[in-house]
Structures are given as C-alpha cells and as structure tokens.
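> Pasting a structure below so you can have a look.
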Amino acid sequence: MNRMDFSQAVIRIKVLEKRLLSRARLERMVDAKDMDEVFRILAETEYQQHLNNVARPEDYENILSAELRRVYKLMDELTGEKIITQLLSLKYDYHNLKVLVKERVLGKSLTGLYVPYGTQDLTKLKAAMSQEDFSDLDKRIGEALYETVAEYEKSNDPQMIDIVLDRHYYRHLRALADQTEIPMFQEFVKNQVDFTNMKTLIRVKKMDKEMKFLEEVLLDGGAIDRDKILYSINDSLDGILDKFRKEDIGKPLTEGLEAFRRTGRLSDFEKIIDNRLMEINEPSRNIVFGPEPLFSYLHAKEAEIKALRIIMISKINKLSPEVIRERLRDLYV
C-alpha cells in the first residue's frame, strides 16, 4: 500500500470532513420539538438530497440508508484500495450471513433484515446457500458459511449461528487489518476484539453461565490474553477492574466497568467503547499521505448516522432531550 497513492483522495476527504455534522447541529436536533423540526435542520446539510425519500417520520431509516450507501460508493470512487472500506463494511457482510443461515434453518423469508452495505453480492450468497455449494464465494466467507451450517446441524442450537459467524468475522477483520500493515487499523481491530471480549465476560457473568460457555464465545485476535479473560469468570467486578486496569485499553475499560457498576446497563459500557474507538482516529487528522484519513472519515460518517438514528428514534418515542444526550456518542468533528 503506497502512501503517495492517497494524496488526492486525502485532499478531497479534508473538504468532506468540513461537511460532517457538528455537535452544535446535533444539539439543535436534540432540542427540536418534533421530527418535522429535525428534518428541517437536516435540510441544511448533505442529507437534504434524501429527504424526498420520507413520507412520514417513521421512514427516517430511508434517509440514513441512502446516505450510507452514497458515502460507501464515494469512498470506492476515491480509492482503488477496497480494503479500507472493507474494514468497516465487513460487519454488514457477516450480518447478512447470519440472516442467510437463519432463513435456511427457520424455513422462512427474512428479506427485510438484509442490509445493502456489504461487499458480497446477496444474490450470489443466496444461490450458494440454496445449492449448498460455497466454492465460488470468497474463501473466508465460504468457510464461515460451511462451518456455521455444519455446527448448527450438529448442535441444532440457533445460538451457534451467531457464535460461529462472530468468530469468523473477527478473524477475517484481523486478517484485513494485518494485510494493510497500518498500525492504526491494527489497533482499531485489536481494541474491538478486547472490548467485545470484556463485554462478553460481563454478559456471561450476568447470565450465570459456566466457563465452558465463555470459552466458546470468546474471540481471538485481541491484545489482551484470552485466557486471562476466561479465568476471570468467577472474579468479582472489583477483581476484574484490578486485573485489567493496566492493559492498553485500561482507562476506557475501567470507565466502562464503573459505568456498568453504577447503572447495571451494558449500554453505558458500549457508549464508552464507541468513544474510545473514535479516539483512535485522532492521529489521522495530521496525515497527508496515507489511507488513515479515508478510514477515519468513513468511521466518522457511520458514527454520525448512528447519532442521527438515536435522535430520531428518541424523538418518535417522545424521549426528553436529557435522555437523548445521555445516549449520544462522541463525534470525530
């Protein structure tokens, strides 16, 4: 990956970054009296071009989906290095694989659950599944589907669909990051794995499950030793805090666990995780030659769309501005 190949794309990205929604504009939406006012504020932004896709407030997802598709298409046009967008779009591929396998085992259509942002052709995936022949698919995708179907047929446990595909997703993601040899991308993936494993540890403890179950669902590829997490299954929350506070992600991890202690909600933990992952992008602001600014812009756009979704869902459900602010994550701008 030649850093000089990204010089023109980075110039374009620096312009596009100025169009990201500011915190002040989001605050205006948080304080808006209803969805009509939210849409009027959006009409001042890049989202204006999608507003004609909405006949009623509940159609807000049409706006967000159209914008995400537009941005992914733009990123593909800016660079021939598909791997940059794949680092973020791969999760959509594996989401679609979960839907595909569940359609098969349930014997009913789940068409409305597919998302259009992945890198894999849905028609091709469906054909491969119906023919039970995965040889023409991307090698990693084919192996993931084959193992998932085999594991389900052996256990007859629908939970295994998510467990096996999550395992393959993070292995695939780590392989992509390592292929780039870009430290920021590798750190991003390792942090994701570590936070996911720690969240899984807390969730498994809440469910009062045994170590064997935790061993099955923990992921490979993080910076924190997997066994260190596994053998924390019987530790108290204080013990877990002491054991992991010196890890590279110790500060946000401690903040997340303390938030969980206060509220008993993993959603607070997840918010801190999202904020930490956004912080990883900060050094890319000063990079002129390289792929990092492109990745950071796309990640920022996804965070922006997530923030808009939180605001819109909250407005439809008539939640107070104070509650909405508690749920919002940090932005890149």
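> Would you mind computing the Rg to Rh ratio of the range 1-118 from its alpha-carbon coordinates, Kirkwood style for Rh? It would help to have the intermediate numbers written out before the result.
Values: Rg = 17.9 Å, Rh = 17.0 Å.
Ratio of gyration radius to Kirkwood radius for the range 1-118: 1.05.
> Only four residue types carry charge here, +1 at the Cβ of Lys and Arg and -1 at the Cβ of Asp and Glu. Report the dipole size of the range 22-159 about the Cα centre in Debye, rounded to the nearest 20.
Numbers: 20 positive and 26 negative charges, 14 e Å.
For this selection, approximately 60 debye.
> What FRET efficiency comes out for residue 45 versus residue 110 if R0 is 35 angstrom and r is the Cβ-Cβ distance? Round to the nearest 0.05.
Details: r = 33 Å, r/R0 = 0.94.
That pair, residue 45 with residue 110, gives E of 0.60.
> Please work out the Cα center distance from the range 249-284 to the range 110-130, rounded to the nearest Å.
32 Å
> Counting residues in the range 73-170 as N, plug N into 2.2 N^0.38 Å and put the Cα Rg over that result. Before the final figure, lay out the partial values.
Working: Rg = 13.7 Å, N = 98, 2.2 N^0.38 = 12.6 Å.
It is 1.09.
> How big is the dipole moment of the range 198-333 about its Cα centre under a simple scheme where the beta carbon of each Lys and Arg is +1, that of each Asp and Glu is -1, and everything else is neutral? Debye, nearest 20, please. List each step's numbers first, then the result.
Values: 26 positive and 25 negative charges, 125 e Å.
So the dipole magnitude of the range 198-333 works out to roughly 600 debye.
> Counting only other residues whose beta carbon sits under 11 Å from that of residue 79, what net charge do I get with K and R as +1, D and E as -1? Can you show the working numbers first?
Values: positive: 12, 82; negative: 5, 76, 77, 81.
Net of charged neighbours comes to -2.
> Identify the GluC sites (Glu not before Pro) of the range 173-227 meeting these criteria: DSSP loop state and at most 15 other C-beta atoms within 10 Å of the C-beta. Write out the running numbers ahead of the final one.
Numbers: sites: 181, 187, 210, 215, 216; in loops: 181, 210.
Counting only loop positions with at most 15 other Cβ atoms within 10 Å, the GluC sites (Glu not before Pro) in the range 173-227 are 181, 210.
> Show me the three semi-axes of the equivalent ellipsoid for the chain, from the C-alpha gyration tensor (sqrt of 5 times each eigenvalue), largest first, rounded to whole Å.
Values: eigenvalues 186, 137, 108 Å².
Working through the eigenvalues yields semi-axes of 31, 26, 23 Å.
> Mind ranking 8-19, 161-172 by how tightly packed they are, going by the mean number of other C-beta atoms within 10 angstrom, highest first? List each step's numbers first, then the result.
Numbers: 8-19: 14.7, 161-172: 19.2.
Those peptides, ordered most packed to least, come out 161-172, 8-19.
> In the range 45-129, which trypsin sites (Lys or Arg not before Pro) fall in coil by DSSP and have 15 or fewer other Cβ atoms within 10 Å? Please report the intermediate quantities before stating the final value.
Details: sites: 69, 70, 73, 82, 91, 98, 102, 104, 108, 124, 126; in loops: 108.
Here the trypsin sites (Lys or Arg not before Pro) that fit, given the DSSP loop and packing criteria, are 108.
> Something else now. Let me check the size of the range 153-269 from its C-alpha atoms; what are the radius of gyration and Dmax in Å?
14.7, 42
> Short version: what are the Cα gyration tensor semi-axes of the range 246-333, square root of 5 times each eigenvalue, largest first, in whole Å?
They are 26, 20, 7 Å, listed from largest to smallest.
> Let me check I've understood the local charge: for residue 70, count other residues with C-beta under 15 angstrom from its C-beta, Lys and Arg +1, Asp and Glu -1. What total comes out?
On the way: positive: 12, 19, 69, 73, 301; negative: 46, 61, 67, 76, 77, 302, 304.
Neighbourhood net charge equals -2.
> Taking each full run of DSSP H in the chain as one helix, which ones are at least 18 Å long along their axis (Cα atoms) and have mean Kyte-Doolittle hydropathy of at least -1.0? Mind showing how you got there, number by number?
Numbers: long enough: 60-78 (28 Å, -0.33); 82-106 (35 Å, 0.12); 139-155 (24 Å, -0.86); 159-180 (33 Å, -0.48); 183-207 (35 Å, -0.36); 250-263 (19 Å, -0.82); 266-279 (20 Å, -0.39); 292-316 (36 Å, 0.38).
Counting only whole DSSP H runs, the qualifying helices are 60-78, 82-106, 139-155, 159-180, 183-207, 250-263, 266-279, 292-316.
> Bin width 10 Å, alpha-carbon pairs only: give the P(r) of the range 186-229 as whole percents, running from 0 to the bin holding the largest distance.
Per 10 Å bin, starting at 0, the Cα pair percentages come out as 30, 55, 14, 1.
> Continuing with the same structure: For residue 154, which lysines qualify as cross-link partners when the Cα separation must be under 24 Å and same-chain residues fewer than eight apart are set aside?
Result set, ordered by chain and number: 98, 102, 108, 126, 139, 209, 212.
> Then there's this: Highest mean first, what order results for 229-237, 270-278 on Cβ atoms within 10 Å? Mind dumping the intermediate values first?
Values: 229-237: 14.8, 270-278: 18.8.
Top to bottom by mean Cβ count within 10 Å: 270-278, 229-237.
> Determine the dipole magnitude for the range 97-180: charges of +1 sit on the beta-carbon of Lys and Arg, -1 on that of Asp and Glu, nothing else is charged, the reference point is the Cα centre, and the result goes in debye to the nearest 20. Working shown, then result.
Working: 12 positive and 14 negative charges, 39 e Å.
Charge dipole of the range 97-180: 180 debye, to the nearest 20.
Readers should treat all values here as calculations from the given coordinates under stated rules, not as data from a laboratory. What you see is a predicted model; the values in this text were computed from it and never measured. Cβ coordinates were reconstructed from backbone atoms using ideal geometry, including for glycine residues, and neighbour counts include every protein chain displayed.
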